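Inspection log for the structure reproduced underneath, given as structure tokens.
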Amino acid sequence: MTLNPTNAAAKLPTGFGRLWTAQTVSSLGDGVTHAALPLLALTLTRDPMALAAVTAAGTLPWLLFGVLGGALVDRWDRRRTMWVADAARTVLLAMAAAAAVLDMLSVGLLATVAFLLALGGLFFDTAATAYLPDLLGRDPALLQRANSRLRGTQTAASGFAGPPAGSALLALGRVAPLLVDAVSFALSALLVRSLPAVPRPAAQARESLLRQARAGASYVFRDRLLLGLALRPAVGNIAFLAVETVLALFAHERLGIGAFGFGLLLTAEATGGLLGAGIASFLGRRLGTGTALTCTAAVEGLAVLGLAAAPNPYVAGLALAVCGAGMGATMVLAPSVRQAIVPAHLMGRVASTSRMLAMCAAPFGALLGGWLATTYDVRTPLYAAAGVLLTMTAVTATMTSNRRIETALRSAASAGEPVPSGSKDPVREREPELL
């Protein structure tokens, strides 16, 4: 994606600051709950299957309703969808806090809370993804800068600050983390409610929800660029979950580190993620977005290979930091391309389809990692993951090339959307390129 230097320096609109603040506050609350819910479950039971049920409940909404949720978001006002979703999560967590006060918490209740929180997250995240390009005039340069800031603060809030805060708050009682997260969602809802309205996509012919959902999924699978952008996180999740499944065991058996050292490894990965998000726009300008995406994919694969061969914790930490940097940059660059070229009336469905593919791939990676570690040894899943990532890099390189991205942007410009100052025009109605 070639960006105009003048436009690259353009200011983000005031409304973005409110959206950024809202998502940062909400991400901090998410980090608190992410740590607190499993620990709350642990106070109720020691049954591994019951604990797993609470964790699994948080993944089910994307698997069950991902594409349908995107179709609904494309029907609804995106700003209203966001603040209603956060207001609903505020009420949900307040009710859970009341149950804690009344000593009525149970594993089933916590699993229900995890499921409904994730369902609200599905609608909020999809609506926010669709709202952002409208707020920024679908300007590629502004989208990269905005996504870089959103990704960086999300990592800092949910990855660094939130989990330790959740653990600390739980020491004050079961109610504390639930109330803090409820307050974070309430603040986010108020901020989102104050965001500027954006024009709603032109109404489409009334079709059934399933038909609209299928049209959104088809749009992704029939377009080589969008398919390549969707394959990156989907295949990547297979590899990364294979690594994550055995990482604690690998750290203990091969690197000889305990729980504290393992926490430092995860911190190294999150630090790399922050760095990657911060330099993503620079990489996109210097290399072109397509080449940058190919480079970050190769970096991820080589970093996991380095992790597998790491002789000590220091090399392992460096490898995880490099891998995190590749992932952080990818999570800025890829959505920015998608948001710049997808028609407004399809944005929710395209975003949710891509996210659902990634979520569906994760369990396969976890099973693969466990099977390889059991059948061979704890390093084998890491070597396999590196092979998967490097193979995916080769497969998707031409699908997300600079030339293909530039062609998509030119096609968008010819479709007649209002042109952002100093930038190429986005797409309104682009016919997908057949495979």
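The values are calculated or read from the model by the stated rules, or taken from the named source; none is laboratory data. Only a predicted model underlies this, so the values are computations on that prediction, with no experimental measurement involved. Neighbour counts are summed over all protein chains in view; Cβ atoms, including those assigned to glycine, are modelled from backbone coordinates with ideal geometry. Just so you know, the surface numbers come from the protein's heavy atoms only, side chains and all, with ligands and any DNA or RNA stripped out. Shrake-Rupley method; radii C 1.70, N 1.55, O 1.52, S 1.80 Å.
How much of the accessible area of the chain, in percent, comes from carbon and sulfur atoms when a 1.4 Å probe is used? C and S fraction of accessible area: 67 percent.
Among A316, A268, A50, the largest mean-square fluctuation in a Gaussian network model of the chain, built with springs joining Cα atoms closer than 10 Å, belongs to A50. Each principal axis of the Cα cloud of the range 23-90 was taken in turn, and the coordinate range along them, longest first, works out to 44, 27, 16 Å. Accessible surface ranking for R174, R214, R149, 1.4 angstrom probe, highest first: R214, R149, R174. Note on the chain: with a GNM built from Cα contacts shorter than 10 Å, the maximum mean-square fluctuation among A41, A98, A182 falls on A98.
Summary of the geometry: the range 281-342 and the range 44-70, compared by the centres of their Cα atoms, lie 28 Å apart. Evaluating 6.51 cos²θ - 1.76 cosθ + 1.60 at θ = phi - 60° for every residue in the range 233-241, the Karplus couplings come out as x, 5, 5, x, 5, 4, 5, 5, 6 Hz, glycine and proline recorded as x. The figure for S167 is an accessible area of roughly 60 square angstrom, using a 1.4 Å probe on the protein chains alone. Is the shape of the range 305-372 best called rounded, prolate or oblate, per the rule: a/c under 1.5 gives rounded, else a/b larger than b/c gives prolate, else oblate, with a ≥ b ≥ c the square roots of the Cα gyration tensor eigenvalues? Verdict is oblate for the range 305-372.
For volume of the Cα convex hull per residue in Å³, computed directly from the structure shown, the correct entry in (1) 170; (2) 133; (3) 143 is (2).
For the chain, the 222 nm mean residue ellipticity estimated from helices alone, with every DSSP H stretch of n ≥ 4 adding -39500 (n - 2.57) and the total spread over all residues, rounds to -26500 deg cm²/dmol. Here the peptides 345-352, 223-230 are ranked by packing, the mean other Cβ count within 10 Å, and the order with the highest first is 345-352, 223-230. Placing a pseudo-label 7 Å from each Cα along the Cα-to-Cβ vector at T59 and L172 gives an inter-label distance of 3.2 nm. Judged by the mean number of other Cβ atoms found within 10 Å, the most tightly packed of the peptides 125-134, 82-91 leads the ranking 125-134, 82-91. Would you mind telling me which residue in N147, N312, N237 has the biggest mean-square fluctuation in a Gaussian network model of the chain, where springs connect alpha carbons within a distance under 10 angstrom? Top of the fluctuation ranking is N312.
Once the chain from V101 to L367 is taken as fully extended at 0.36 nm per residue, the excess over their C-alpha distance is 91.9 nm. Applying 1/(1 + (r/R0)^6) with r as the Cβ-Cβ distance of L42 and N312 and R0 = 30 angstrom yields a FRET efficiency of 0.40. In the context of the full set of protein chains, residues of the chain present 42 Å² of accessible surface per residue (probe radius 1.4 Å, heavy atoms only). Remark: accessible surface ordering of S158, S281 (largest first) is S158, S281, probe radius 1.4 Å. Using R₀ = 35 Å, calculate the FRET efficiency as 1/(1 + (r/R₀)^6) where r is the Cβ-Cβ separation of A248 and R222; round to 0.05. Between A248 and R222 the formula returns 0.30.
For W76, what accessible surface area do you get with a 1.4 Å probe? Give it in Å², rounded to 10. The accessible area comes out at roughly 110 Å².
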